[in-house]
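Take a look at the structure set out below.
Please treat every number below as a calculation from the coordinates, not as lab data. From a predicted model like this one, the values you see are computed outputs, not experimental measurements. When we count neighbours, we look across all protein chains shown, and the Cβ atoms used for this are built from the backbone with ideal geometry, even at glycine.
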Amino acid sequence: MTEIVIAAYRRSPFHFAHKGALVKLRPDEMAAQVVRALLDDTGVDPATIEDVVVGCAFPEGEQGLNVAKLIAFLAKLPESVAGATVNRFCGSSMQSVHQAAGAIMMGAGEAFLCAGVESMSRVPMMGFNPLPHPGLAESFPQAYMGMGETAENVARRHQVTRADQEAFAAESHRRAAAAQAEGRLAGEIAPVTVGGATVDGDGCIRPDTTAEGLAGLKPAFRADGTVTAGTSSPLTDGAAALLVCTMDYARAHGLSPLAKVKSVAVAGCAPEVMGMGPVDASRKALARAGITAKELDLVELNEAFASQAIACIRELGLDGAKVNLDGGAIALGHPLGATGARIVGKAAALLQREGGRYALASQCIGGGQGIATVLEAV
Amino acid sequence: MASGNGVNPPDAGGATTGAPLVEPELRAVGAPVPKASPPGGAIRKVAVIGAGVMGAGIAAHCANAGVPTVLLDIVPGGAARALAAMAKQDPAPFMHAGAARLVTPGDLATGLPLLADCDWIVEAIVERPDAKRALYAQLDAVRKPGSVVSSNTSTIPLAALLEGASDAFAADFCITHFFNPPRYMRLLELVTGPATRADAAAAVTAFCDRALGKTVIPCKDRPGFIANRIGGMWMQSAINQAQDLRLTIEEADAVMGRPLGIPKTGVFGLLDLVGIDLMPHVAASMKASLPADDAYVLGMRDNPLVARLIAEGRTGRKGGKGGFYTRAKSDTGESLKRAVDLWTGEDRPSETPQLESLSTRDIRALAQHPDRGGRYARAVLLDTLAYAAALVPEVADDIASVDAAMRLGYNWKWGPFELLDRIGPAWFVDALRAEGRAVPPVLETVGDGRFYRVEAGRLQAMGRDGTHRDLPRPEGVLLLADVKRAGQLLAKNGSAALWDIGDGVACLEFTSKMNSMDPDILSMIGKAVSMGKKGAFRALVIHNEGENFSVGANIGLALFAANIAAWGEVESMVEQGQKALRSMRHAPFPVVGAPSGMALGGGCEVLLHCDAVQAHAESYIGLVEVGVGLIPGWGGCMAMLRRWAEAPKLPRGPMPPVAKAFEMISTARVAKSAFEAKEMLLLRPTDGITMNRDRLLAEAKARALAMVEGYAPPEPKAIRLPGPSGKAALALAVQQQVLLGRATPHDVVVCDHLAATLSGGARDHTEETTEDELLRLERQSFMALLRTDGTLARVEHMLATGRPLRN
């Protein structure tokens, strides 16, 4: 059987939308800089790349048209390289990896650039022209439910208290701040230039975050709710890229792969509790890998909201100490289209750094679904 | 007025705001009436030294005028802190966020080089002559030749400030005395010295008048100038007499406020507002600089109560501990007003004054009333008005300057001489004589006459020689009050009038209560359109000199009709409004709106239908209909959609204009200045802004005339709207506000109708929605909402309390 590997991973620094260092950077340009950095790292001949598959949750405006092909042009890839933009909302760039893996399994290519991008500063969530189906909005309003409301629903149904959420969020910041301070994030970050200035560090992490401090925030989505801005991932600008290829290709090009793709899955769920999407998706992916959650050595579980991350950890029986070792999206940020590539790349890199055999990367997805990838050490 | 003899005093308060009343002989003093120079004249960059309340406020207002301004303070970081604090202040010193970026803060120790290219340097530091003189020496070393330096001192004579100064400095120096807050108070007292260059004073006058919108009143170099000299005397008398005549502070304020055309804070409320601790400072400074036999000085007395309040830190509203009035929480958590007893000094629950004299609506009747309220009014008026009358020519050569200073500096409706005209100068003189008081010369001179009169349609004021002369208006000032005196009336009904303002331009004036929009105004608009079509005039300006342009439609009429289920009548009134405003928009002549103050709801919709607007900077414009459970029904929704659809920077597609209009209308957001109104597209980018209210009508008229040549009315334009899908998107946004507890149940109902209207109803977004269709949707939604209990409850609540009901 063909072995598929994550051969390289880089991402841009992540910064707050609307007020961070990347506000003025076009998303296509941002993604192109990261893709270029990844290629320069690996030294592979770009002409050997089959396709650039770019995940984006709101592919319009500056991240519209077929932004993947435009990113290929901007990154100075040869015209022979194809490009496809993929949308599975928050799971978009993990979907890029899955599509590449599927294509490789079909013999439809050897090497793929799987990237993701979102400028939440420059293209608003919901897009510029939200036009929901009026009939569906009436008969099945949860199809369009706001993400914050789903996080509140999860907190209620799964009895995740506000204190639990705040402790979780504070821990996410603590881990991310430690990783940043100890230089454990620098290796994955591809510095980007914005108007002549170089941005090389993350901007969302708040090292001084405490559970007590978070307790003072007002609910962000429901007057009587428990979810605050501090226990939600922030609106973020960022991009990430992976090189997904066959083991043979990696070896032939002198690359040392980070991890093998063992199995993948997606699964739908009730949209009003979309945050629980990782549960079924992860169970399916674990079953396909032939392992149980107990056998996982580490997990990258996207923290869209603390409430859903906690509920998923409990439901899947994960060991919190193995989840998001360098912090998660609450601290690092969640540029929708880019997060999937980040957590697959991070899980792969951690597997190499920390040792162990199996890693899981999984995310919840607005509208009611989850996506999961099981990685195995090389 | 009780007096039946003589001419009415000038309608100088309320409807007619103070004009720069500059007597010809004053020009010689060194403050010529500004000629039509470009706004700002020669002043293109300003510096303010001292970032206290006044200095920071002056700097902010210079920035409002679009002029780069340096703000320096002696305390390191003080200017930057003042700048940051102003961003949060309410009422806001800045007219819009962009203005704040024009202010460069700095420290005095290091920032002096920043002054090298400033045309005008305003000193607003501590009121100590030695400190000021030391600063002037520093300024003189760095300022550019010919730059003007002025002090914002309120107490120190110009001559004292210039001791030891070079001749060149003295030639460039004057006093510019602003009132607090500098953005909002329209008075600027200007004092020039014998050495002041005429062109320096002219440059500052032109800048303050045109760029800062101030009425510049030249004053003599006397302590307290005009306003604080008379105002200080008035406050002192009002306190002393209240104590002597044993009034409660509530009684004193009730008498000293509204009945005399003085803000309802009266005297004790005013002291709480400005700070009680200011009193001893002002008194000490006046005592030091005025002759010992000045009536102001003679009336000074130690006031143990005031001393105690200051010692206890109860200096007024600013300190949080209250002053003469305090607020305390009751057992049930209710906020209760308490008041100090002037005799015992103890706090007690506030009482509503019960004085028979308060039921009089005539100042002379009040002053003649035998109860303690009447005796109080009489005593304070005798003190204050006699003092003011005696100050001509000591503080100013003409009575009109004195009146304007008190109107604009203390927000009095009538100045001292206007008050005397209302009371009757002859009666007043008799009252003075009856008490054995001296009669000031101008009161002797006026005799049985009045200080002001209207002669051949022109307002005249009495000079010291007893002859009446026309009040000169500076070039570029056109007041509707003057037009009206001359009687150039074209048409009139119960709520509106149409005046000929010359050069073939007509002015449509609202005259209804609070200028609320009613059927009479609509029919006057219709009449103006038909008269204009027949060639009665070439252009139309819509303007009035009320406190507010218009507070909106008369919702009382709508409620009345709803209560008797006269739905057809209501709908036809809505339709009448739509038709009137549309006919105005498409009339074959240009229409220019010229608002000042609030232009809300229907008043805003009138502006949205004008071909251009020349707005006073202090215009507060907004579509506030949702506050009473309605939506704009006179084309306001349509106009905002059209404007956002034409906005060049908005993303394409059917939704962004709708979302923008929805956000603004659903939150009833009101622009806090004409600049903000531009940001909200309530004004177009090409619309004009006038800083000086007295120049508004003339500039609106000029704008209208400039449009006459080759004028073509706008064509009706269909627009592409998102239809039901867009409405669904807006409903999602409303739902999020509901969850956050920010939208009430009836907000949801109102928003549903607003969303349906703005998104174009049932029409698919591949089709265009015509103006007729949009107006029909507006009407439908308006009528549907008026039939809901929630909307009727809002209307009733607004009429009863003046506040929106959150149901």
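For the reader, a short list of remarks on this structure follows.
- Among the GluC sites (Glu not before Pro) in the stretch B:427-477, those placed in a DSSP loop whose Cβ has at most 16 other Cβ atoms within 10 Å are B:E435, B:E475.
- Considering only B:L777, B:A733, B:G723, the residue lying farthest towards the positive end of the dipole of the stretch B:706-807 is B:A733, judged by Cα position with unit charges set on Cβ.
- In this label model, A:S139 and A:V23 are separated by 4.4 nm, measuring between points 7 Å along each Cα→Cβ vector.
- Normalised size of the stretch B:227-358, defined as Cα radius of gyration per 2.2 N^0.38 Å with N residues, equals 1.07.
- This ranking places A:D41, B:D448 by how few other beta-carbon atoms lie within 10 Å of each, fewest first, which gives B:D448, A:D41.
- Antiparallel DSSP beta bridges within the protein assembly as shown, percent to nearest 5: 55 percent
- Rg in Å to one decimal, and Dmax rounded to a whole Å, for chain A via C-alpha atoms: 19.1, 58
- In order through the stretch A:251-268: 3J(HN,Hα) via Karplus (6.51 cos²θ - 1.76 cosθ + 1.60), integer Hz, x for Gly, Pro: 5, 4, 9, x, 9, 9, x, 7, 6, 9, 7, 8, 7, 9, 6, 10, 8, x
- Its relative contact order, with pairs defined as Cα atoms under 8 Å and 6+ residues apart, puts the stretch B:227-358 at 25 percent.
- Neighbour count of at most 13 Cβ within 10 Å plus DSSP loop: longest GluC sites (Glu not before Pro)-free window in chain A: A:183-378
- Mean separation of Cα contacts under 8 Å, 6 or more apart, over the residue count of chain B: relative contact order %: 11 percent
- Mean projection area, nm², convex hull over Cα of the stretch B:471-564: 7.1 nm²
- Between 0 and 90°, nearest 10: helix B:425-434 axis offset from chain B longest Cα axis: 40 degrees
- FRET efficiency estimate (nearest 0.05) - Cβ-Cβ, B:R308 to B:A97, R0 41 angstrom: 0.40
- Counting lysine pairs in the stretch B:24-218 whose alpha carbons fall under 29 angstrom apart, excluding pairs fewer than 8 residues apart on the same chain, gives 11.
- The length gained by stretching the chain between B:L273 and B:R437 to full extension, at 0.36 nm per residue less their Cα-Cα distance, is 55.8 nm.
- Beta bridges by DSSP in chain A, antiparallel share as percent, to the nearest 5: 70 percent
- Length released on extending from B:M514 to B:E715, taking residue separation times 0.36 nm less the Cα-Cα span: 69.1 nm
- Label point at B:D503 placed 7 Å out along Cα→Cβ; residues across the stretch B:692-721 whose backbone nitrogen lies under 18 Å: B:692-711
- Loop-resident GluC sites (Glu not before Pro) (DSSP state other than H, G, I, E or B) in the stretch B:113-169 with no more than 12 further Cβ atoms inside 10 Å of their Cβ: B:E163.
- At most 12 other Cβ within 10 Å, DSSP loop - trypsin sites (Lys or Arg not before Pro), the stretch B:655-731: B:K717
- Length added when fully stretched, B:A800-B:K533, from 0.36 nm per residue minus Cα-Cα: 92.0 nm
- Relative contact order, percent, the stretch B:24-218 [alpha-carbon distance under 8 Å, six or more residues apart]: 26 percent
- Centre separation in Å (Cα based) which lies between the stretch A:167-201 and the stretch A:302-348: 16 Å
- Residue exposure sequence - A:T373, B:T315, B:T766 - by fewest surrounding Cβ within 10 Å: B:T766, B:T315, A:T373
- Scaled radius of gyration (Cα, divided by 2.2 N^0.38 Å) that the protein assembly as shown gives: 1.11
- Exposure proxy ranking, count of Cβ atoms within 10 Å, fewest first, for B:D277, B:D90: B:D90, B:D277
- Residues of chain B were split at every exposed loop site, defined as chymotrypsin sites (Phe, Trp or Tyr not before Pro) in a DSSP loop with at most 16 other C-beta atoms within 10 angstrom, and the longest piece left, sites excluded, is B:344-710.
- Between the stretch B:766-807 and the stretch A:9-76, the alpha-carbon center distance in angstrom: 48 Å
- Cut-off 14 Å (backbone N to label point 7 Å along Cα→Cβ of B:N563), residues of the stretch B:766-807: B:792-801
- In the stretch B:24-218, Rg over Rh equals 0.93, where Rg is the alpha-carbon radius of gyration and Rh the Kirkwood radius from pairwise Cα distances.
- Whole-angstrom gap from the stretch A:214-275 to the stretch B:649-666, using each part's C-alpha centre: 32 Å
- For chain B, the fraction of C-alpha pairs farther apart than 36 angstrom is 51 percent.
- Taking every DSSP beta bridge that has both ends in the stretch B:24-218, the antiparallel portion is near 15%.
- The stretch B:88-150: proportion of alpha-carbon pairs further apart than 18 angstrom, %: 48 percent
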